[in-house]
Structure formats: C-alpha cells, structure tokens
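The values are calculated or read from the model by the stated rules, or taken from the named source; none is laboratory data. What you see is a predicted model; the values in this text were computed from it and never measured. Using ideal geometry, Cβ is built from the backbone for each residue, glycine included, and neighbour counts are taken over all protein chains shown. These area figures cover heavy atoms from the full protein model, side chains too; ligands, DNA and RNA do not enter into them. Shrake-Rupley method; radii C 1.70, N 1.55, O 1.52, S 1.80 Å.
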Amino acid sequence: MKSLAIIGSQWGDEGKGKITDLLSQKCDLVVRYQGGNNAGHTIIVGDKKIVLHLIPSGILHDHCTSIIGHGVVFDPEAFKVELENVLNNNITVTPEKLKISANATVITMYNKLMDAQRESKGTVKIGTTGKGIGPAYEDKISRRGIKLRDLLNKEELIKKLENNLTEKEFLLKNLYKTEYPTIEEEASRLFELGKIIAPFICDTFSILDHAVKENKNILFEGAQGILLDIDYGSYPFVTSSSTSYGGIFTGAGMPSGKVDEVLGITKAYTTRVGEGPFPTELFSEVGEFIQKKGGEFGATTGRKRRCGWLDLPLLKYSVKASCLTSIALTKVDILSGMDELKVCKSYRYEGKDIDCAYPGIDLSKVEPIFTDLAPFDDDFKGEPSENLRTYIELIEKELGIPVSIIAYGPERSEIKFRKDFF
Ligand code: GDP
Ligand code: IMO
Ligand code: MG
C-alpha cells in the first residue's frame with residue numbers, strides 16, 4: 001500500500017490535474033477531500049482538453065475508483081453538467097468507478113446567491129469563483145448544512161431547508177433585496193438532481209478503510225493551494241476549506257493515520273486569481289508576457305491570472321504548513337527563453353530580512369528581495385542545461401526537499417519523473 005497527496009503549494013492552478021492524471025495510472029483510488037467546483041483541473045489528452053471541477057482526475061482511468069469525500073461541498077447541478085461533459089468525452093462513469101460520500105455538504109441555490117451578493121455588495125471583495133463555496137461551508141460548520149443523503153427524501157429535505165433558510169431569507173429579502181427560490185422550489189430542484197446522484201452516493205470512509213486493509217495505492221487530489229487554505233492561507237483572501245495536508249484527515253479520512261508522501265505541485269513562477277496580496281506580482285510587460293505565454297486564464301471562471309516570479313519565502317512556509325516531501329515543478333517551459341529570470345529569496349519586513357512567510361506577516365507590506373539568475377533556454381529533449389539545473393538546485397536548497405518531477409508542457413508526455421512514486 002502506498003498513499004500520496006497532490007497538493008498545490010501556491011495559490012492554485014499549479015498543474016495538479018495533469019500530475020494527478022499521470023500518477024493515477026498506477027493508483028487504485030483517487031480521492032477529492034475538500035473544496036468543490038471552484039477547482040478547475042485541466043487534463044490534456046491528445047487533442048482533447050478536459051477540465052474537471054468536482055470529479056476526481058482519476059476518472060480518466062478505468063481501473064481507478066474515484067472518490068468524492070465528505071469534506072467536499074457539492075453542487076448537484078454543477079455535477080450534472082460535468083457528468084454530461086465527461087460522458088460526452090467518452091469517459092466511462094459508473095457507480096463502481098465513482099463514489100460520492102453521503103455526508104458531502106450540498107451547495108444550495110441560497111449559498112450561490114449569498115456568494116454573489118456579498119461579492120457585488122460587500123465592503124471586502126474576495127474575488128471568489130461565485131460558486132457558493134464559502135456560504136456552503138458556513139452552513140456545514142453552523143450545523144445547518146444539507147447533506148447529500150438529505151436529497152433522497154423530499155419531506156426530510158423540506159424540513160432541513162426550512163431550518164437552513166430562516167436567517168438567509170431575512171438577508172436575501174431585506175439586506176440584499178434579491179429574488180430567491182421558495183423552499184418548495186428549492187426542494188423540488190434538489191430532489192430531482194438527487195435522483196441523478198443517488199446511484200453514486202455511498203459511505204466513502206469505509207471504502208478507504210477497506211482499501212488500506214487491501215494494500216491499495218491511494219492518491220489524494222487536493223484542490224486550490226496552501227496559500228488559499230482557510231487557516232494557513234493569506235486570510236481573508238482564501239477559500240473556505242483546509243486545502244493543506246490536514247484536510248485529508250478531516251475531509252476523507254485516512255485510516256492508516258498517515259500519508260506516505262506529500263507532493264507539492266509548484267509552478268516555476270507564481271500566479272493568483274482573485275483579490276489579495278501577492279508579493280512578487282509583476283505589473284510590467286514581463287508579467288504580461290508570462291500571462292500570455294502561460295495561457296494564464298482561470299479554468300473555472302476564465303479570469304486572467306495575475307503573474308509574478310517564484311516566491312521562495314512563501315514556498316518555504318508551504319513546505320512546513322503542509323508537510324511537503326517533494327516538489328513537482330510545472331510550467332518550466334514557460335520561463336524558457338526569457339531575457340531575464342528572477343527569484344525572490346527573502347522579504348524586507350518591518351525593517352528586517354526574513355526568508356519564510358510565517359502566518360502573522362502582512363503579505364501586503366513585504367518588499368520582495370529578488371536575485372537575478374542566468375536565464376535558461378531549454379527544449380527539454382535531453383538533459384537540462386546548466387542554467388536550468390542551477391534554478392532547480394536553488395529551489396531544492398532553499399526548500400530543503402527535492403524536485404521529484406519536472407513538467408514542461410500540458411501534454412501527458414511532457415514530463416520528467418526524477419523518482420518512482422509507485
Ligand atoms: P490545477 O488547477 O492545479 O489542476 O491547474 P489548472 O488546470 O487550473 O492550470 C494549469 C494549466 O497549465 C492547465 O491549462 C494545464 O493544461 C497547463 N499545464 C500543466 N502543466 C504544464 C506544463 O508543465 N507546461 C505548460 N505549458 N502547461 C502546463
Ligand atoms: P484549483 O483547484 C485558483 C480562489 C478564488 C478566490 C478565492 C476564494 O483549480 O487550483 P472561492 O470561490 O473558493 O470562495 O474563492 O480562492 N480559488 C482558486 N484559485 N485555483 C483554484 O482551484 C481556486 N479555487 C478558488 O479565485 O481568490
Ligand atoms: Mg485550476
């Protein structure tokens with residue numbers, strides 16, 4: 001048995017989908033444990049581009065069981081659309097292949113309305129994906145959440161929605177002055193969607209428990225990134241789930257008590273979508289160049305991603321916050337052939353130089369200190385050039401963990417494994 005976690009080490013979109021897809025080839029189970037359809041994981045297979053939001057990236061492989069754990073917030077309507085899209089791409093989805101926890105929390109229409117209203121009318125804009133993620137997690141934590149199993153019994157569902165809506169109704173009507181569905185309408189909508197999901201609903205914790213006993217290979221597919229973690233991230237500009245290592249244990253369960261390896265998926269530069277501080281952000285033509293060459297548009301919302309140089313103090317923090325054991329360095333090809341190459345090794349903060357972005361540091365007040373490196377110009381056909389080696393070695397030295405994977409293109413073949421994972 002071997003278990004491996006794929007975790008974004010920055011602000012998301014590091015290439016987790018691609019790496020999960022490749023490593024799932026040798027896995028029995030691929031598990032999503034947090035987040036929801038705010039994620040957008042892109043997998044390129046030949047001339048096909050598949051973007052998965054809720055369904056684990058293991059679904060592309062028929063030998064894999066894909067699991068959506070109880071820590072996920074689940075929009076039944078988004079699932080319906082995604083399922084149709086996956087099936088249209090000739091990918092098999094059966095209840096044997098896809099298992100969804102009966103205890104996953106449902107994203108209701110009220111959650112989506114609240115998300116949209118807060119973003120458009122609130123005083124602090126987070127730049128959310130607008131999928132109702134935060135409000136759904138609020139419902140869960142306040143013990144008013146609708147669980148997937150509730151969709152199977154309409155009378156129960158109406159009772160739960162009554163309890164759920166009381167306070168929101170007041171806000172939607174009086175504060176936000178917006179339309180919202182009646183409880184009866186929302187119950188009917190969710191109940192109908194529940195019929196589509198019913199065959200997939202089960203007890204996923206027990207499936208994991210058996211898998212551990214049967215020595216299966218398990219891969220946990222994280223969504224978002226460590227700097228978007230509700231506790232470890234750049235609060236309040238974060239998502240509402242535990243995106244780091246700890247989220248695995250609360251969001252899916254790992255009965256063996258530990259995950260063998262934690263692979264931090266790391267873009268060779270930094271990107272961020274939405275609001276919030278970003279110390280190494282480039283406002284120059286260089287940033288624009290990286291954005292264009294890297295095709296840096298959000299896979300879920302289509303928004304332009306902000307771009308900047310690699311930020312080692314942030315990554316050093318991510319290594320500690322999420323127990324990373326090695327790095328998969330992605331999109332190295334985008335930096336190849338540039339006229340200049342910089343990396344941030346430390347920050348100037350409150351008159352001191354610091355090399356690790358511990359929580360409590362106000363990231364909007366740090367001054368990044370950049371080191372110039374000799375740019376590399378590699379075609380990735382043979383061994384890495386000396387300059388690329390220097391870049392990788394610097395990352396390894398500063399972070400204290402190895403770079404175990406180098407990805408240099410979106411295709412499945414554009415990757416170098418520097419170690420065997422399974
Ligand atoms: P995720 O959310 O972490 O799965 O990442 P996204 O799918 O949102 O964004 C990563 C984008 O980069 C996708 O369009 C991938 O197809 C693409 N990609 C992944 N790895 C590489 C790489 O090494 N080089 C290039 N050029 N593109 C890559
Ligand atoms: P993947 O899995 C990048 C960001 C949003 C916003 C913040 C809060 O593809 O890496 P939310 O809708 O979650 O309440 O938004 O988090 N965000 C992501 N950014 N990649 C993602 O997922 C993201 N999921 C959420 O842009 O800043
Ligand atoms: Mg993404």
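Over all directions, the projected convex hull of the C-alpha atoms in the chain averages 20.1 nm² in area.
Over what distance in Å are the Cα centres of region 170-211 and region 345-420 separated? Region 170-211 and region 345-420 have Cα centres spaced 42 Å from each other. Judged by the mean number of other Cβ atoms found within 10 Å, the most tightly packed of the peptides 273-281, 50-58 leads the ranking 50-58, 273-281. Of all aspartates and glutamates in the structure, the ones whose alpha carbon falls short of 17 Å from that of Lys365, not counting any fewer than 8 places away in one chain, are Glu275, Glu281, Asp311, Glu350, Asp353, Asp355. In order along region 164-180, phi translates into HN-Hα couplings of 6, 8, 2, 6, 5, 4, 4, 5, 4, 6, 8, 8, 8, 6, 10, 6, 8 Hz, rounded to whole numbers, per the Karplus curve 6.51 cos²θ - 1.76 cosθ + 1.60 with θ = phi - 60° and x for Gly and Pro. With coordinates expressed along the principal axes, the C-alpha atoms belonging to region 278-363 extend over 34, 29, 27 Å, beginning with the largest. Solvent-free Debye calculation, one equal scatterer per alpha-carbon of region 222-263: log10 I(q)/I(0) at 0.16, 0.17, 0.23 Å⁻¹ equals -0.40, -0.45, -0.73. Springs join every pair of Cα atoms under 10 Å in this Gaussian network model of the chain, and among Glu119, Glu162, Glu185 the largest mean-square fluctuation is at Glu185. Exceedance of the 26 Å cut-off in Cα-Cα distance is limited, within the set Lys26/Lys258; Lys293/Lys397; Lys213/Lys267, to Lys293/Lys397; Lys213/Lys267. Principal-axis analysis of the Cα atoms of the chain puts helix 109-121 at an angle of about 50° to the longest axis.
Take the chain, mark every one of the trypsin sites (Lys or Arg not before Pro) that falls in a DSSP loop and has at most 11 other Cβ within 10 Å, then report the longest stretch left between them, sites excluded. Between exposed loop sites, the widest span is 1-142.
Divide the volume of the convex hull around the Cα atoms of region 105-196 by the residue count and you get 90 Å³ per residue. For the chain, set up a Gaussian network in which alpha carbons nearer than 10 Å are linked by springs, and say which option among Ser241, Ser188, Ser284 fluctuates the most. Maximum fluctuation in the GNM of the chain, among the listed residues, is at Ser284. Taking Gly130, Gly251, Gly382 as the candidate residues, the one with maximal mean-square fluctuation in a Gaussian network model of the chain, Cα springs under 10 Å, is Gly382. Once the convex hull of all Cα atoms in region 43-199 is built, its volume per residue stands at 120 Å³. Pairs of Cα atoms in region 267-417 fall into 10 Å distance bins, from 0 up to the last occupied one, in shares of 11, 40, 39, 10, 1 percent. For region 307-422, the solvent-accessible area of protein heavy atoms averages 47 Å² per residue (probe radius 1.4 Å; ligands and nucleic acids excluded). When the Cα convex hull of region 10-49 is projected onto planes of every orientation, the mean area is 3.6 nm². Calculate the length of the line joining the C-alpha centroid of region 15-30 to that of region 281-307, in whole Å. When both Cα centres are located, 26 Å separates them.
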